[in-house]
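Here's the structure, in structure tokens; my notes come after.
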Amino acid sequence: MSSFFGGSGYMDAQDRVYKTAYVCYGILVITLIAYIIGNIIAPVFQYWGDLRPDRVLVYREYYRLVTPVFLHEGVEHIAGNMIMLFVFGALIENYTGHLVFAILYLMTGIAGNVLTIHYELEMGEDFASLGASGAVMGIIGFTFAWVIVRGISSLGNKAMLGRFMVLGIYVYRSVQYQEGVNNIAHIGGFVAGFIIGIINIVIFKNNKRMEGLE
């Protein structure tokens with residue numbers, strides 16, 4: 001029996017994808033634990049791990065390029081990012097393999113933070129930031145690279161419509177100007193994810209079906 005989201009074959013593919021998304025689940029657990037510690041148990045935990053350009057450049061606390069990816073401020077902040085990680089991250093992890101996905105997530109998150117530092121230096125600003133948005137936008141950038149290589153006609157597949165509606169809402173909210181939102185990290189993560197996607201799909205010829213999406 002078929003449905004808007006595809007037939008039984010599609011649902012079987014969904015089961016396979018989500019049962020083996022070990023890196024995604026690991027990230028979700030780590031992020032949730034960090035959220036509980038930083039927002040409920042010990043708020044100072046956020047200060048120790050957020051992105052502060054002066055702490056990175058002057059005090060050489062380079063770990064701050066990574067730790068902000070796992071920190072969030074508020075329920076809406078963490079919920080939006082983790083939903084997107086779950087919806088699209090599992091598909092990308094199944095497509096690339098666990099190791100490449102872990103590298104993709106971390107590298108795009110770092111790219112967003114590096115671009116943020118560069119922007120703040122250029123603009124003479126100095127603000128703290130945190131969140132997985134850069135890494136999540138990296139996943140979206142990778143997805144866009146895949147769609148472009150596979151062809152826009154793939155978007156006509158019913159199995160993809162629901163996911164891309166969610167993606168569209170997330171991207172729209174991400175690119176809107178909102179006070180306190182680090183759009184520079186969004187841009188850096190997306191571009192890095194898109195580049196990694198092109199490298200993976202075109203150069204390394206990983207131009208296969210994305211199980212659970214097609």
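The values are calculated or read from the model by the stated rules, or taken from the named source; none is laboratory data. Because the structure is predicted, anything quoted here is derived from the model rather than measured. The accessibility values were calculated without ligands, DNA or RNA, using every heavy atom of the protein model including side chains. Shrake-Rupley method; radii C 1.70, N 1.55, O 1.52, S 1.80 Å.
Ellipsoid fit via the Cα gyration tensor, region 58-114: semi-axes of 22, 17, 7 Å, each the root of five times an eigenvalue, largest first.
Taking all protein chains as they are arranged and a probe of 1.4 Å, the heavy atoms of Arg52 leave approximately 60 Å² accessible to solvent. Solvent-accessible surface of protein heavy atoms, probed at 1.4 angstrom with all chains present, puts Phe127, Phe101, Phe204 in the order Phe204, Phe127, Phe101, largest first. With every protein chain in place and a 1.4 angstrom probe, the accessible-area ranking of Val29, Val66, largest first, reads Val29, Val66.
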